[in-house]
Structures are given as C-alpha cells and as structure tokens.
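The values are calculated or read from the model by the stated rules, or taken from the named source; none is laboratory data. Everything numeric here is computed off the predicted structure, so don't read it as measured data. Methodologically, a virtual Cβ is constructed for each residue, glycine included, from the backbone with ideal geometry; neighbour enumeration extends over all protein chains shown.
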Amino acid sequence: MYMKKIIYIIVSFVLLFSFASCEQMMGDFLDKAPGVDVTEDTIFSTKTQVETAVTAMYRYGMHSVLPRQELNYTGFQYAPLAAGCDECESGKPWPDPQKWNVSDITAENITSVEDRRFSLRFIAMRKANIVLERVDAVAELSADYKSQVKGEALFIRALNKFEMFKRYGGIVIVDKKLVVGDEFAIPRSSIQKTVESIVADCDLAITLLPNVYPATMRGRATKGAAMALKSRTLLTAASPLFNAATPYLPMENADNNKLICYGDVDNNRWTAAADAAKALIDWAAENGVKLIDDKGVDASYRYVFEVNDNAEVILANKMQGAVGTYQVGPWRFLVPFGFDSRTWQVGNQMTLNFLKKYEKKDGTAMVWDNTGSSVMPLFDNLDRRYMQTVGSVGTKWNDQINPVRSDVGGDQYWTDVAKGNNISLTGMWVMKFVPQSMSLKDGTNGQQAMPNDIIFRLGEAYLNYAEALNEFNSAPNADAYNAINTIRARAGQPSLPNGLTKEQFRERVRNERAVELYFEDIRFWDIRRWKIAEDDGVMKGDFYGFEFKADNFDAPTKYSYEIKKFETRTFLPKMYLHPYLRSEVLKGYIVQNPGY
C-alpha cells in the first residue's frame with residue numbers, strides 16, 4: 001500500500017507543491033482532468049514559485065524529534081521513542097513506542113509502531129530530485145540562489161536516506177526523477193553504497209550551502225547542518241552493528257549479508273567519523289555556533305532546549321509555530337496529566353535503570369539502596385543535568401508547580417487506574433523541552449510556546465569526536481579527553497580521570513552520550529548501533545521506578561522512597577534493524593531483513 005502511493009507519485013508528471021495541494025495529492029489526484037493541476041513548468045518559472053517548491057520539500061523531508069500531530073501526513077504520534085528504550089516509561093500504556101517493550105514489532109505494523117514517515121521520505125526525495133534537475137532553468141534566479149537551493153535539496157535527500165539507513169540498513173537509492181519507462185523495481189544497495197551515497201550528497205551540499213541565513217529564515221539547512229548529518233552518518237557506519245565481518249543475524253542467502261553490514265571490520269571508518277566531527281567543531285568556531293555555557297552550571301543545559309535559535313542549535317524543525325497546552329503537539333503529549341489536565345495524559349517518566357547513569361557532582365557513582373528515608377539529598381547531589389531534565393518529587397517544574405508532588409496522593413501522582421491512568425511508576429517526570437515560562441493550570445490555553453525541535457546541535461559533535469577517536473586508537477588521546485570534558489564542564493562535572501583504557505573510556509563516552517543527549521531521539525539508535533539493546537536493563541529485563549511518600553503530606557519536610565519493579569521488557573535480536581513492509585517484500589525486489 002505504501003509503495004503503491006510512492007509509485008503513483010514517482011510516475012506522475014504532476015507536481016503539487018503547495019501544502020494544501022500536496023495533501024490532496026495523496027488521494028485521488030490521478031483522476032483529475034488534464035490541465036487542472038499546477039505543473040512543474042509552472043513551479044519552475046519564478047523565484048516565488050521555486051520557494052514554494054522548496055518549502056514543500058522541507059515539509060515532507062524534515063522529521064521531528066518531538067511528538068507532533070501530522071494528521072494529513074502520518075497521523076498522530078503520541079510519544080517520543082524514549083518510551084521504547086531505557087530512557088522512559090510512557091504515562092499511558094497505548095502509545096506506539098510501548099510495543100517495542102514487548103517485542104511486538106512485525107513486518108505488518110512497522111509503519112504504525114515507529115516509521116510513520118516511510119512513504120513521506122520517498123516523496124521528499126522525489127521533490128529534492130526534481131528541484132535539482134529543474135532549478136537551473138529558472139532564468140530570474142541568481143547563481144548563488146541556485147547553488148543554495150541545490151544544496152538544500154541535496155541535504156534533504158541525504159537526510160531522508162540516513163533516516164532509512166539507520167532503520168533498515170541498505171536502502172533503495174533513487175537519485176533522479178523517475179519517469180514512465182524507467183525501472184521502478186530498484187533493489188536495496190549494500191551498506192557501503194548506501195553510506196557512500198549519503199556522504200556524497202552531504203559533501204556536495206557542504207560546498208553549496210551558506211554558513212548562515214537571516215534570522216527570518218532559520219530552519220533551512222546550512223553548511224553546518226550538512227556537516228552534522230555527515231558526522232552522524234559516518235559514526236553510525238563505523239559502529240559495531242554495521243562495521244562488522246558478520247551481521248547481527250545471518251541472511252537466508254549469505255550474498256545478502258552486505259545489505260546489513262559491511263562484511264569486514266575497518267578501523268579507518270572510525271577515522272572518517274572523527275574527521276567529520278572535528279570538521280563540524282572547527283566550522284562552528286568560525287561561524288558563531290557554540291556550546292551554551294554562560295548561564296551557569298544549573299541553567300545552561302536547560303537553556304539549550306527552551307530558548308529557540310540559541311547559539312548551540314545547528315538545525316531545528318521550524319514547521320510548527322507557537323502552540324498552547326491544549327492544542328496539538330508537542331505540549332499536549334509531553335506535559336503529564338497531573339501537571340495540566342488539558343493534556344493527553346501521556347507524559348514520560350525516567351526509569352531508575354536510566355537514572356543510575358547520573359553521577360554525583362564529584363563524578364563518582366551514586367548508590368541507590370532499595371529504600372531510603374530521604375530522597376532529596378540524593379537528588380541534590382546528582383549531576384546538575386538531572387534537575388534540568390526531570391521534575392521529580394520535591395523538585396521544581398516551574399514557578400507554578402514547585403515542588404512536584406509525585407509522592408503517593410500528590411497532584412502529580414495518578415491514581416485513577418480504572419480510567420486507564422497509570423500511577424506514577426517512577427515519580428520522575430520528564431520536563432526537557434517544556435519551557436518553564438509556559439503557564440499551566442490557568443484555565444485557558446496557557447502561554448503559547450514555540451517548540452525547540454532540535455535536529456542537530458553542537459554538543460553531539462563533541463561526543464561523536466570523543467567516541468570516534470577512542471575507537472580508532474588503542475587508548476583515548478588528549479583530544480578525546482578534551483572533547484568529552486568540554487561537555488562535562490558545561491554541567492559542572494569534573495574531568496574524566498587520566499589513564500583510562502580504551503574499554504573504560506568507551507563506557508564513559510556511552511554514559512555521557514546517554515545523559516547529555518537524553519530524550520533527543522538519539523539513544524534509541526545508539527543502543528542499536530552499539531549492539532547493546534539486548535543487555536539486561538537496556539531494552540530487556542526488569543525495569544524499576546520509585547514510590548515516594550511524604551513524611552507529612554500537608555507540609556512535607558522529606559520524602560522516603562522504595563524501589564519497585566514496574567515492568568519486564570523483551571528484546572529480540574532481529575529488532576536491531578526494522579523489517580521492510582511485507583507487502584513490499586512480496587513484490588520480489590526488496591530483500592527482507594533477517595528474522596521477520
């Protein structure tokens with residue numbers, strides 16, 4: 001069904017680039033009388049029309065890291081993927097990511113339980129290919145503008161290839177506008193060719209894109225965005241899932257193994273990943289992109305996610321304007337019911353499994369006993385990023401909700417199980433990305449806020465660099481230490497001790513990525529590329545949270561805690577990569593990933 005829609009778009013000579021027309025195009029547009037629709041010649045006639053084409057390319061080609069309603073495109077998306085790994089537990093049992101926790105992933109449901117944008121990527125790449133082929137013929141466009149638009153098209157094409165690659169491995173590569181008479185049954189390419197194709201698009205885009213746009217044009221791809229995409233691509237390609245002599249599961253036909261791994265281990269892939277990350281860091285230093293570290297150790301980290309267009313953001317999805325709490329995503333899906341009754345009652349709770357990744361402020365490990373008489377001193381002694389990420393019992397959410405009462409019976413502790421509301425399974429409600437300034441519980445829409453929907457930010461580049469350097473060398477060098485310590489310093493955490501082995505540094509980098517990039521739609525993919533998803537407590541095994549109780553409910557001075565198991569999760573090795581839709585595999589030209 002999905003590929004049928006794609007083929008309709010691919011073979012049609014009609015191109016509808018306005019938002020309304022694009023949405024209609026997915027329906028019965030093939031039945032319209034000739035001459036009714038806007039044609040390619042119309043679109044590629046003036047700069048105004050070309051800008052409309054570019055806007056539509058972004059609309060289809062840019063994904064979101066936050067929950068968002070795209071009813072005319074992909075339907076509802078109720079919860080981030082964090083709820084499908086060790087980062088979170090959803091406040092409701094029905095959001096799609098919960099199916100990952102019970103291994104309910106099949107070749108029939110994959111585009112409803114995670115990859116809702118599957119068909120949109122082909123539309124986006126089709127639009128990018130058309131822009132690349134037609135923009136030079138528009139007479140009124142300047143050479144600089146043509147270069148910029150081609151760079152944007154290459155970026156969108158590369159971004160959508162990467163989003164397929166990280167999910168499926170080898171992908172179907174279509175780098176031109178297909179027309180009637182072309183071969184449409186295009187097979188998957190190998191991992192090597194897939195990565196080469198993405199990197200080639202990024203490299204060319206880097207030469208064409210500007211370093212910066214005017215403030216009114218934020219959300220468009222820059223050189224830095226293309227460099228960030230290249231960095232993420234090469235890091236993924238160098239990782240154990242793909243940089244392997246044998247795949248995570250063998251293909252039925254061994255000749256197809258290179259669709260899911262390189263077929264060899266090449267340490268130089270880590271060199272390429274390190275070079276790409278360093279190039280991005282150097283570019284940032286020359287173009288005003290920098291880590292936010294001037295707000296103090298207790299506020300800089302949260303500032304990154306609440307203040308739009310801050311200096312650390314390389315690219316953000318700007319397709320949604322300011323919205324209030326009761327309106328569609330993301331706030332309606334991110335703010336828990338106990339904080340604002342107008343939400344979808346979802347929210348997300350950090351698991352205790354993940355909480356244990358937060359060190360003490362002195363850099364040593366925090367010990368969590370099964371019970372404790374007072375939890376606040378423990379929270380107060382954690383890495384400061386914890387308090388800037390989660391609203392847990394006794395801590396501040398914002399000026400209206402201070403303290404959070406996720407203790408038994410408190411306002412942020414759900415008890416109406418009969419109506420489908422979970423109780424507070426962990427007591428640690430995720431507030432990252434939710435602005436402190438956005439008013440809640442005031443009986444109106446509340447103060448509207450613009451989502452800071454970050455696709456790429458500079459902090460990730462430092463962690464990419466540290467990881468790649470360590471994996472390439474026999475032990476971490478000074479540059480690897482400097483990269484990770486730069487991130488830690490922003491949060492007030494001490495530098496890592498010198499003399500760590502390669503294996504010890506690897507674990508510290510992975511832990512730092514988990515904490516620093518929490519809830520940013522990165523860990524769900526990190527634990528796959530590292531091949532650790534099936535480790536106990538990651539996506540498999542028992543998961544735990546807290547039950548808090550106040551010493552004096554009306555005027556608490558401390559909160560006791562008890563650790564309780566709330567769920568046992570399963571993970572099957574086949575889930576390291578997504579299955580292709582069975583309906584497409586049965587057509588005979590798509591090779592299915594193993595296990596499905």
Open item on the list: Suppose we keep only residues that are without any contact (Cβ under 8 Å) to a residue 40 or more places away in the chain and among the small types (Gly, Ala, Ser) within the stretch 191-208. Which one would you say is surrounded by the fewest Cβ atoms within 10 Å (Cβ to Cβ)?
Closed with: Ala200
Open item on the list: Among the residues that make up the stretch 491-506, is at least one of them aromatic (Phe, Trp, Tyr) and over 20 Å from Glu312 (Cβ atoms)?
Closed with: yes
Open item on the list: Being out of contact with any Leu (no Cβ under 9 Å at 6 or more places or on another chain), surrounded by 15 or more Cβ atoms within 10 Å (Cβ to Cβ) and under 23 Å from Val265 (Cβ atoms) is the filter here; which residues of the stretch 471-493 pass it?
Closed with: Glu471, Phe472, Asn473
TODO: Any residue in the stretch 305-320 that's without any contact (Cβ under 8 Å) to a residue 60 or more places away in the chain: show its pairings with residues that are part of a loop (DSSP other than H, G, I, E, B) and surrounded by fewer than 18 Cβ atoms within 10 Å (Cβ to Cβ) at Cβ separation under 6 Å, as long as the two are six or more apart or on different chains.
DONE: Ala311/Lys290
- [ ] Please specify each residue of the stretch 464-494 satisfying the condition of being small (Gly, Ala, Ser) and over 13 Å from Phe505 (Cβ atoms).
- [x] Ala489, Ala491, Gly492
Open item on the list: Cβ-Cβ distance below 7 Å, separation of 6 or more or different chains: which pairs start in the stretch 262-282 with a residue that is more than 13 Å from Ala466 (Cβ to Cβ) and end on one that is of a type in the set (Gly, Ala, Ser) and modelled with pLDDT under 95?
Closed with: none
Open item on the list: Please verify whether Leu154 is at pLDDT 95 or above, surrounded by 18 or more Cβ atoms within 10 Å (Cβ to Cβ) and either at negative phi or touching a helix residue (DSSP H, G or I) at 6+ places or on another chain (Cβ under 7 Å) (or both), treating the condition exactly as stated.
Closed with: yes
- [ ] Please specify each residue of the stretch 536-554 satisfying the condition of being of a type outside the set (A, V, I, L, M, F, W, C) and surrounded by 16 or more Cβ atoms within 10 Å (Cβ to Cβ).
- [x] Gly537, Lys540, Gly541, Tyr544, Gly545, Glu547, Lys549
Task: Selection within the stretch 283-308 - among the β-branched types (Val, Ile, Thr), within 29 Å of Val54 (Cβ to Cβ) and assigned to a loop (DSSP other than H, G, I, E, B) - done: Val289, Val307
TODO: Restrict the check to the stretch 161-171 and report whether at least one residue is surrounded by fewer than 16 Cβ atoms within 10 Å (Cβ to Cβ) and over 22 Å from Ala53 (Cβ atoms).
DONE: no
- [ ] Could you pull out the residue among Ser424, Ser474 that is at pLDDT below 95, part of a loop (DSSP other than H, G, I, E, B), over 29 Å from Asn317 (Cα atoms) and not aliphatic (A, V, I, L, M)?
- [x] Ser424
Task: Residues that are among the polar types (S, T, N, Q), within 19 Å of the chain's Cα centre (by Cα) and within 22 Å of Val404 (Cα to Cα), drawn from the stretch 314-350 - done: Asn348, Gln349
TODO: Mind listing whichever residues of the stretch 507-535 are in a loop (DSSP other than H, G, I, E, B), on the phi < 0 side of the Ramachandran plot and either buried (at least 21 other Cβ atoms within 10 Å of the Cβ) or β-branched (Val, Ile, Thr) (or both)?
DONE: Tyr518, Glu520, Ile522, Ile532, Ala533
TODO: With respect to Val179, determine if the residue is of a type in the set (A, V, I, L, M), surrounded by 19 or more Cβ atoms within 10 Å (Cβ to Cβ) and over 30 Å from Cys85 (Cα atoms).
DONE: no
TODO: Quick one: count up the residues across the stretch 383-408 that are farther than 16 Å from Gly427 by Cα and crowded, with 16+ Cβ neighbours inside 10 Å.
DONE: 4
- [ ] Could you check, for the stretch 544-559, whether at least one of its residues is more than 29 Å from Val375 (Cβ to Cβ) and among the charged types (D, E, K, R)?
- [x] no
Task: Long-range neighbours under 6 Å by Cβ, at least six apart or interchain, first residue touching a residue at least 40 places away in the same chain (Cβ under 8 Å) within the stretch 574-590, second among the hydroxyl-bearing types (Ser, Thr, Tyr) and part of a loop (DSSP other than H, G, I, E, B) - done: Tyr576/Tyr248; Pro579/Tyr596; Ile590/Tyr580
Open item on the list: I'm trying to understand the selection: among the residues of the stretch 337-365, which are surrounded by fewer than 19 Cβ atoms within 10 Å (Cβ to Cβ) and either farther than 14 Å from Gln493 by Cα or hydroxyl-bearing (Ser, Thr, Tyr) (or both)?
Closed with: Ser341, Lys356, Thr364
TODO: Evaluate the following for Met428: is it among the hydrophobic types (A, V, I, L, M, F, W, C) and surrounded by 21 or more Cβ atoms within 10 Å (Cβ to Cβ)?
DONE: yes
Open item on the list: Being modelled with pLDDT of 95 or more, in a helix (DSSP H, G or I) and of a type outside the set (Lys, Arg) is true for just one of Leu241, Leu280. Which residue is that?
Closed with: Leu280
Open item on the list: Looking only at the stretch 277-308, filter to residues that are within 18 Å of Val65 (Cα to Cα) and of a type in the set (D, E, K, R); which one of those is surrounded by the fewest Cβ atoms within 10 Å (Cβ to Cβ)?
Closed with: Glu306
Task: Filtered residue count, the stretch 322-336, keeping only those that are at pLDDT 80 or above and not basic (Lys, Arg) - done: 9
Task: Residue list for the stretch 209-223, filter: surrounded by fewer than 24 Cβ atoms within 10 Å (Cβ to Cβ), in contact (Cβ under 8 Å) with a residue 12 or more places away in the chain and not charged (D, E, K, R) - done: Pro210, Asn211, Val212, Ala215, Gly219
- [ ] Collect the residues in the stretch 133-144 that are within 14 Å of Glu51 (Cα to Cα) and not in a helix (DSSP H, G or I), keeping them in residue-number order.
- [x] Val138, Glu140, Leu141, Ser142
Open item on the list: So, Ile130, is that one modelled with pLDDT of 95 or more, buried (at least 19 other Cβ atoms within 10 Å of the Cβ), on the phi < 0 side of the Ramachandran plot and not in a loop (DSSP other than H, G, I, E, B) or not?
Closed with: yes
Open item on the list: Just to check your reading of the model, which residue among Asp535, Asp479, Asp526 is closer than 26 Å to Pro67 by Cβ and either in contact (Cβ under 8 Å) with a residue 12 or more places away in the chain or not aromatic (Phe, Trp, Tyr) (or both)?
Closed with: Asp526
Open item on the list: Return the residues of the stretch 309-336 that are surrounded by fewer than 24 Cβ atoms within 10 Å (Cβ to Cβ), touching a Leu at 6+ places or on another chain (Cβ under 8 Å) and assigned to a helix (DSSP H, G or I); say none if nothing qualifies.
Closed with: none
